[in-house]
Amino acid sequence: MNSYTVTEQDVAEKLRLDAAAAKFFEISRARAQELISEGKLLVNGKAREKKYLIQAGEVLEIEIPEAKELEATPQNIPIDIVYEDDYLLVVDKPRGMVVHPAPGNPDGTLVNALLYHCKGRLSSINGVVRPGIVHRIDKDTSGLLIVAKTDEAHQGLAQQIAVHSFVRKYEAIVGGHLKEPKGTVCAPIGRHKTDRKKMAVTLQNSKEATTHWEVKGESALYTHLELTLETGRTHQIRVHMSHIGHPVAGDTVYGNARYGLGLDGQCLFAKYISFVHPITGETLTFEAARPTYFSDAMRRAGL
């Protein structure tokens, strides 16, 4: 059981119990409300309602049950395989497909499709829910993704990502015009202070993040960018572009409705990947064709 003693500064923020738990114990507000209703979040040993305003000196105690790991099952779902050998494969993931099972998306994911295609032969390093997954891209981001079949291949690929020798390039449509033809965003990314489902540029509990960008075209309201990741933080491109005032078009989480382009999700795709094969030592490079939804969005944006 974890505990936290409320300070005068906390009281000044006039935090409700559910909001306080989300902040202090780094869980979502919805999860905090569930634990309150289950009697697993107490104030000085007593149950309180979620609307209760915390007071200085009170001790919050929380019991967070261990998450039950989902069991991913094979499903015969078509996937676009760009390259495959005995150690790894490169997949062109479609927009709208989730990479691995999670609450709310228990099946129909890339992992379910990979388990069927590879007959279960995937690396085990990331557990039963994320077998073979070395890196991931968001549900509404399409493009290239490397999958490891063996633990040795997985470890070799992960090491390349760690030392930034793994090249990943994206294309995006963003709102507005950038002042320079190219540039770099270096800003640490961590969990959002109040919305635990979002990421943000922050100095608290964050990791360094670097995104390089280059202008490829402009229209009256939009800019077409090529972006290269030096690091690979969750939602990195989307957070960084929003941070500098040029959100990715269609992004319903970090974006601006003015730059919607009729999309329900960010106009972003992983177009290029280059890495050293962890077993053979050969340099492999792949480039995905621009997806139809992206080309259509470019036309609507006048690019």
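The values are calculated or read from the model by the stated rules, or taken from the named source; none is laboratory data. The model shown is predicted, which means the values in this text are computed figures rather than measured ones. Positions of Cβ are backbone-derived with ideal geometry, glycine not excepted, and every protein chain shown enters the neighbour counts. What goes into the accessible areas is simple: the full protein's heavy atoms, side chains included, and nothing from ligands, DNA or RNA. Shrake-Rupley method; radii C 1.70, N 1.55, O 1.52, S 1.80 Å.
Among the numbered criteria (1) outside any strand (DSSP E or B); (2) of a type outside the set (D, E, K, R); (3) at pLDDT 90 or above, which single criterion is violated by residue 225?
(1)
Scan the strands (runs of 3 or more DSSP E) fully inside segment 22-99 and keep the ones with 1 or more residues being under 30 Å from residue 5 (Cα atoms) and aliphatic (A, V, I, L, M).
Result: 41-43, 59-62.
Filter segment 7-21 for residues that are outside any helix (DSSP H, G or I) and farther than 20 Å from residue 196 by Cα and give the result. Talk me through it step by step, then tell me what you get.
Just the residues of segment 7-21 that are outside any helix (DSSP H, G or I), to begin with: 7, 13-16.
7 - this is the single residue of segment 7-21 that is outside any helix (DSSP H, G or I) and farther than 20 Å from residue 196 by Cα.
I'm trying to understand the selection: among the residues of segment 6-30, which are within 18 Å of residue 64 (Cβ to Cβ) and either touching a Gly at 6+ places or on another chain (Cβ under 7 Å) or free of Cβ contacts under 8 Å to residues at least 12 places away in the same chain (or both)?
Going through segment 6-30, the residues within 18 Å of residue 64 (Cβ to Cβ) turn out to be 17-30.
Correct list: 30 only.
With respect to residue 96, determine if the residue is within 19 Å of the chain's Cα centre (by Cα), open to solvent by less than 60 Å² (accessible area, probe 1.4 Å) and at positive phi.
Working: within 19 Å of the chain's Cα centre (by Cα): yes; open to solvent by less than 60 Å² (accessible area, probe 1.4 Å): yes; at positive phi: yes.
So residue 96 fits the description; yes.
How many of the residues making up segment 127-185 are touching a residue at least 40 places away in the same chain (Cβ under 8 Å), assigned to a strand (DSSP E or B), open to solvent by less than 30 Å² (accessible area, probe 1.4 Å) and not hydrophobic (A, V, I, L, M, F, W, C)?
6
Residue 213 fails exactly one of the following numbered conditions: (1) modelled with pLDDT of 95 or more; (2) surrounded by fewer than 17 Cβ atoms within 10 Å (Cβ to Cβ); (3) not basic (Lys, Arg). What is the number of that condition?
Of everything listed in (1) modelled with pLDDT of 95 or more; (2) surrounded by fewer than 17 Cβ atoms within 10 Å (Cβ to Cβ); (3) not basic (Lys, Arg), residue 213 misses just condition (2).
Scan segment 33-87 residue by residue and report those that are without any contact (Cβ under 8 Å) to a residue 12 or more places away in the chain, over 30 Å from residue 154 (Cβ atoms) and open to solvent by less than 90 Å² (accessible area, probe 1.4 Å).
Residues satisfying the conditions are 34, 39, 47.
Looking only at segment 4-32, filter to residues that are modelled with pLDDT of 85 or more and among the polar types (S, T, N, Q); which one of those is least open to solvent (accessible area, probe 1.4 Å)?
7
Can you find a residue that is in contact with a His (Cβ under 6 Å, 6 or more places away or on another chain), open to solvent by 50 Å² or more (accessible area, probe 1.4 Å) and not polar (S, T, N, Q) anywhere in segment 255-273? It would help to see each step written out before you state the result.
Pass one, segment 255-273, residues in contact with a His (Cβ under 6 Å, 6 or more places away or on another chain): none.
Checking segment 255-273: not a single residue is in contact with a His (Cβ under 6 Å, 6 or more places away or on another chain), open to solvent by 50 Å² or more (accessible area, probe 1.4 Å) and not polar (S, T, N, Q).
Which residues, taken from segment 186-197, are basic (Lys, Arg) and open to solvent by 50 Å² or more (accessible area, probe 1.4 Å)? Break it down into steps so the answer makes sense when it comes.
First, pick out the residues of segment 186-197 that are basic (Lys, Arg): 191, 193, 196-197.
Passing the criteria: 191, 193, 197.
Counting just the residues of segment 100-126 that are part of a loop (DSSP other than H, G, I, E, B) and hydroxyl-bearing (Ser, Thr, Tyr), which one comes out surrounded by the fewest Cβ atoms within 10 Å (Cβ to Cβ)? Give the derivation first.
Keep residues of segment 100-126 that are part of a loop (DSSP other than H, G, I, E, B), which gives 100-101, 103-104, 106-109, 118-126.
Now restrict to residues that are hydroxyl-bearing (Ser, Thr, Tyr): 109, 123-124.
Values: 109: 22, 123: 23, 124: 13.
Restricting to residues being part of a loop (DSSP other than H, G, I, E, B) and hydroxyl-bearing (Ser, Thr, Tyr), the top hit is 124.
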